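Novice: This is the structure I have questions about; it appears just below.
Every number here is computed from the coordinates shown, using simple stated rules; none is lab data. Computed from a predicted structure; not experimentally measured. Cβ placement follows ideal geometry from the backbone for every residue including glycine, while neighbour counts extend to all protein chains displayed.
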Amino acid sequence: MQFIQWDQSLSIHIEEIDNQHRNLIEIINILHATAKATDRHMICSEIVVKLKNYFNEHFMTEEKYMIQYDYPETGAHKKEHVEFIKNVLDFETACFVSYAPYTPMLDFLKEWLGKHVQDTDMKMGVFLKEKLRIE
Ligand SMILES: [Fe+2]
């Protein structure tokens, strides 16, 4: 059984974005599965690389839609993305410099799913779905 399972409560009903969110869940599950691993530094760096690839592609997709459809919450939404990037870069530094922040990373990503994906992204999804339906 996976640590986090995809379910409808995570869907914002835009397939391209849902598929990217599925990738994030996969990364969280990989991280969770390494709880007892000994080479934490190596794993930490690998997870950071995956998260960087993830946000590069995913935030660009969301922000492209928000700008294209003139989403009124674009500024606030993008600020949350900037915070995510900052956190990942801080984790990257921690991985290299001092320790492998397994628990902080896992807690941060779980919180991100609840606060950003299931709230901020969900609101954006409702708005975009309407626009895409009209188009
Ligand atoms: Fe987002």
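Novice: For region 7-63, which GluC sites (Glu not before Pro) pass both filters: DSSP loop (anything but H, G, I, E, B) and at most 15 other C-beta atoms within 10 Å?
Specialist: When the GluC sites (Glu not before Pro) of region 7-63 are filtered for loop state and at most 15 Cβ neighbours within 10 Å, nothing remains.
Novice: So, one more: Anyone know which of Ser11, Ser45, Ser98 comes out most mobile in the 10 Å Cα GNM of the chain?
Specialist: In this elastic network of the chain, the residue with the biggest mean-square fluctuation among Ser11, Ser45, Ser98 is Ser98.
Novice: Distance check, please: which entries in Lys36/Lys86; Lys50/Lys115; Lys36/Lys129; Lys79/Lys110 exceed 30 angstrom between their Cα atoms?
Specialist: Lys36/Lys129
Novice: Can you tell me how much longer the chain between Leu89 and His41 gets when fully stretched, taken as 0.36 nm per residue apart minus their C-alpha distance, in nm with one decimal?
Specialist: That works out to 15.8 nm of additional length.
Novice: Magnitude of the Cβ-charge dipole of the chain, K/R +1 and D/E -1, about the Cα centre, nearest 20 debye?
Specialist: Around 200 debye, computed over the chain.
Novice: I've got another one for you. About its Cα centre, how strong a charge dipole does region 1-40 have in debye, to the nearest 20, once Lys and Arg get +1 and Asp and Glu get -1 at the Cβ?
Specialist: Around 300 debye, computed over region 1-40.
Novice: Continuing with the same structure: Between the alpha-carbon centers of region 1-24 and region 59-107, tell me the distance in whole angstrom.
Specialist: 17 Å
Novice: Percent of Cα-Cα pairs more than 27 Å apart in the chain, please.
Specialist: Result: 22 percent of Cα pairs exceed 27 Å.
Novice: Here is a further query. I'd like to know which of Phe55, Ser98, Val126 lies farthest towards the positive end of the charge dipole of region 40-134, counting +1 on Cβ of Lys and Arg and -1 on Cβ of Asp and Glu.
Specialist: Comparing the listed Cα positions along the dipole, Val126 ranks first.
Novice: Hey, in the GNM for the chain with a 10 angstrom Cα cutoff, which one of Val88, Val49, Val97 fluctuates hardest?
Specialist: Between Val88, Val49, Val97, it is Val97 that shows the largest mean-square fluctuation.
Novice: For region 29-119, what relative contact order do you get, as a whole percent, if you take Cα pairs closer than 8 Å and at least 6 residues apart?
Specialist: Normalised by residue count, the contact order of region 29-119 is 42 percent.
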